[in-house]
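The values are calculated or read from the model by the stated rules, or taken from the named source; none is laboratory data. Predicted model, so just to flag it, every value in this text is computed and none were measured. Here the Cβ positions follow ideal geometry from the backbone for every residue, glycine too, while neighbour counts run over all protein chains shown.
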Amino acid sequence: MTTTVVHKIYDFNKAMVGATVDTARNVATAVGDGLTNAFHIARDTGATVVGQAQSATERTVDQASNGAKQVVGQARSAGERTMNQASKGVKEVTGQARAQGKRANEQLDRVAQRTADRAIDAVDPTPSSGTPYEQWSKAELYERAQELDIDGRSSMSKSQLIKALRSA
């Protein structure tokens, strides 16, 4: 019986770790998607700027020189703004991921502690734990009598169950 409870606790902890890993994977995917989108925006902005520069060059040599300078400045500014925004987004998502991980870890610790406490109570609810039979419910006494295979337990009163358990 103890092994089954331990396995159940292990399976539960394994599932919680899996959920935590899935959450971390989802966060990492979101960060990766954000960076990919930022790269595409920067690439597309660069392509637009280059196209504008070529068009301006074809119109006139004089306007090409002035237009190229203007476009390059705009591209730098747009690129810097894009990269600054991407950097801020990455920092924000990273901070959120850390906070979420910390909250998940704290919650997992609380759940694990409750689970361990319940498992201990379920595995060893004997008088040696400091709780006299008189403080047990009739259902708990019946369950213990079932574990010890005491005959006639279904028709016994609470006091009869206590007496039978002490005799077992």
- Query: What is the number of the single condition among (1) without any contact (Cβ under 8 Å) to a residue 24 or more places away in the chain; (2) closer than 30 Å to R81 by Cβ that Y10 does not meet?
  - Reply: (2)
- Could you check, for the range 31-41, whether at least one of its residues is touching a residue at least 12 places away in the same chain (Cβ under 8 Å), of a type in the set (F, W, Y) and either part of a helix (DSSP H, G or I) or surrounded by 10 or more Cβ atoms within 10 Å (Cβ to Cβ) (or both)? no
- Query: From the set of residues in the range 133-162 that are in a helix (DSSP H, G or I) and of a type in the set (A, V, I, L, M, F, W, C), which is surrounded by the most Cβ atoms within 10 Å (Cβ to Cβ)?
  - Reply: L141
- Taking A86, is it surrounded by 13 or more Cβ atoms within 10 Å (Cβ to Cβ) and in contact with a Gly (Cβ under 8 Å, 6 or more places away or on another chain)? yes
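Report yes if N13 is exposed (fewer than 15 other Cβ atoms within 10 Å of the Cβ), polar (S, T, N, Q) and part of a helix (DSSP H, G or I), otherwise no. Working first, answer last.
Details: exposed (fewer than 15 other Cβ atoms within 10 Å of the Cβ): no; polar (S, T, N, Q): yes; part of a helix (DSSP H, G or I): yes.
Judged against the criteria, N13 is not a match.
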- Which condition does L108 not pass, out of (1) modelled with pLDDT of 85 or more; (2) surrounded by 12 or more Cβ atoms within 10 Å (Cβ to Cβ); (3) under 28 Å from Y10 (Cβ atoms), if it passes all the others? (1)
- Message: Filter the range 7-48 down to the residues that are more than 23 Å from the chain's Cα centre (by Cα) and hydrophobic (A, V, I, L, M, F, W, C) and list them by number.
- Response: A38, F39, I41, A42, A47
